[in-house]
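Participant: Before I ask anything, here is the structure I am working with.
The values are calculated or read from the model by the stated rules, or taken from the named source; none is laboratory data. All values derive from a computational prediction rather than experimental measurement. Note that each Cβ is placed from the backbone with ideal geometry, even for glycine, and that neighbours are counted across all protein chains shown.
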Amino acid sequence: MLWGRISSFILGGVISFGLILTGGEAQGTVETQPASCTVCHREFNSVLPQGHAPVPGKDIRTCLSCHPPSTQAGANPFSVRLHRSHIKAQVKTNCALCHTWAPGKSFGLPGHKVSWGAPSKTSMELIRKSAASWANSLFLDSRHSRENLMCSACHGQNLPAAGEEVENDICLGCHGPEEKLAAKTVQPESPKFNPHKSHLFGLACTKCHAGHRESKVYCLECHKGLTMKMPEGAAGK
C-alpha cells in the first residue's frame, strides 16, 4: 500500500514535468482539461495563503468557485499570484494545466463560457514566452506584474496577436493625463526637451516604452547630445 502511494506520487510528478516541458503540443485539436493540483502539490492546502480556508477540491475549478475570471482591467492579485507562482524562468510552463485550450478554436477556463481567443500552437508558444517575461524579466511587463496587473490591463480581454502594439489611450488611462505626465519629465538641464511634450505630436508610447523587450529613449536617436535616462524597463534595471 505504501509503495503504491509512493509510485503514484512519483509517476504523477513525472507526468507533470513532462507536460510542462512539452507544453501540451501533443494535444492536437482536442480541448485540454485542467490537471489535478495534487500532481505537483501533494498536500494542496499547504500552498494556500496564510489564513485561507481549507479547500476541498483538487484543480483550478475549486479556486474559480470563489475567484471567477475578472473582466475588469484593474489589479487582479489572485490571478497574478497564481500565474507568477507557476511561471518559472527556466521551465516551459504549460498553460493547459489550468486552462482549457482547443488549438485554433478557443482558450478559456473550465466551467466558464468565456474564451480569450483562439490561439494556434504557434501563437501559444509566443504567449508562453511573453508570460515568462511578464513574470521574471527586467522589462516593463514584469514591473506591471509586480503591481498585480495581468496581461489584460494593457492588451484587453482577448489574447494579443503577434506584433500587436498597445495604444496610447491604454497607457494614459493609468499614467495620464498627458499634461500631468509631461510635468514629471521636465529636463532641468534641457528644459526645452521633454519626452512627453515633444514636437513629435501623437508619438506612440511604445516608441520608448516596450513591454516585453528593452525600453529605449527614442529622442536620443536624433538628439545625440542630450542626457535622458529610461527610469524603468531598460536592460539591467
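Participant: Within segment 80-106, can you find the residues that are under 18 Å from C63 (Cα atoms), over 12 Å from the mean Cα position of the chain (by Cα) and either surrounded by fewer than 17 Cβ atoms within 10 Å (Cβ to Cβ) or not hydroxyl-bearing (S, T, Y) (or both)?
Facilitator: A96, L97, C98, H99
Participant: What's the number of the condition V217 fails, among (1) crowded, with 16+ Cβ neighbours inside 10 Å; (2) over 30 Å from A131 (Cβ atoms)?
Facilitator: Exception for V217: condition (2).
Participant: Now for a separate question. Say we look at segment 212-226 and pick out the residues that are in contact with a Ser or Thr (Cβ under 8 Å, 6 or more places away or on another chain) and assigned to a loop (DSSP other than H, G, I, E, B); which of these is farthest from H144 (Cα to Cα)?
Facilitator: If we take residues in segment 212-226 being in contact with a Ser or Thr (Cβ under 8 Å, 6 or more places away or on another chain) and assigned to a loop (DSSP other than H, G, I, E, B), then L226 is farthest from H144 (Cα to Cα).
Participant: While we're looking at this one, here's another question. Take segment 97-128 and flag every residue that is more than 19 Å from H67 (Cβ to Cβ), in contact (Cβ under 8 Å) with a residue 60 or more places away in the chain and either in a helix (DSSP H, G or I) or not assigned by TED's automatic domain parsing to the domain that holds C66 (or both).
Facilitator: K121, M124, E125, R128
Participant: Out of all the residues in segment 106-120, which are out of contact with any strand residue (DSSP E or B) (no Cβ under 6 Å at 6 or more places or on another chain) and closer than 20 Å to A35 by Cα?
Facilitator: Residues satisfying the conditions are L109, G111, H112, K113.
Participant: Sticking with this one: For segment 200-237, name all the residues that are among the charged types (D, E, K, R) and free of Cβ contacts under 8 Å to residues at least 40 places away in the same chain.
Facilitator: K207, K216, E221, K224, K229
Participant: Right, here's the next one. Would you point out which residue out of P69, P54 is touching a helix residue (DSSP H, G or I) at 6+ places or on another chain (Cβ under 7 Å) and assigned to a loop (DSSP other than H, G, I, E, B)?
Facilitator: Every option except P54 fails the conditions.
Participant: Can you go through S123, S130 and tell me which one is surrounded by 15 or more Cβ atoms within 10 Å (Cβ to Cβ), under 11 Å from the mean Cα position of the chain (by Cα) and under 30 Å from Q33 (Cβ atoms)?
Facilitator: Being surrounded by 15 or more Cβ atoms within 10 Å (Cβ to Cβ), under 11 Å from the mean Cα position of the chain (by Cα) and under 30 Å from Q33 (Cβ atoms) holds for just one of S123, S130, which is S130.
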